[in-house]
Amino acid sequence: MKLLLIYADNFGYNPTTKTIDSFPDFSEAKAFEKVQTAFIQAEAEDVEREGDVLKKLVKNLKWIMKKNEAQTLILHSFAHLSESKAEPEFTKTIFDKAEEKMKNVGYEVHQTPFGYFLDLKLNAPGYSLARVFKDI
């Protein structure tokens, strides 16, 4: 799994093109302020180590939330961090489980529409922990 963690003063999205027919339809644009975003790519080899991957994902998310003093987390599927890709259904399952675990410890969590190309708006400050890459 690859993670690109970007703290954003402002983050917004607008669904443009649906790419996976089996996922729900979305048309609503959303915008957030003072959020931690997690651009995540699940890889094919993650399927065999789902429990470990989920545990490490949540650990990294909790760590960056504390470091950036964020209360809101955005999970975004970003299948451009590696050539290896897990099936979309597996990735969505990981997102749902991570969301539940993060909500259980008090964070507000949102997911961008899965299976869509999105217009993104991102305004990130320039300090070291505003942008972090992890390979888990």
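No value in this document is a laboratory result; all are computed from the given coordinates. All values derive from a computational prediction rather than experimental measurement. Cβ sites come from the backbone with ideal geometry, for glycine too, and all protein chains shown count toward neighbours.
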Exercise for the section: Report, in debye and to the nearest 20, how large the dipole of the chain comes out about its Cα centre when Lys and Arg carry +1 and Asp and Glu carry -1 on their Cβ. Expected result: 620 debye
Problem - Where only C-alpha atoms are counted, convex hull volume of segment 6-136 per residue in Å³ - result: 104 Å³
Handout entry: With eigenvalues of the C-alpha gyration tensor scaled by 5 and rooted, segment 17-79, Å
Key = 23, 21, 8
Completion exercise
Residue-normalised 222 nm signal for the chain, counting each DSSP H run of n ≥ 4 as -39,500 (n - 2.57), nearest 500 deg cm²/dmol, is -8500 deg cm²/dmol
Exercise for the section: Tally the DSSP beta bridges in segment 6-136 and give the antiparallel ones as a percent, rounded to 5. Expected result: 65 percent
Problem - Exposure rule at most 13 other beta-carbon atoms within 10 Å, DSSP loop GluC sites (Glu not before Pro): the chain longest free segment - result: 84-136
Practice task
Before anything else, pin down the relative contact order of segment 62-136: Cα pairs under 8 Å, at least 6 apart, normalised by residue count, whole percent.
Solution key: 41 percent
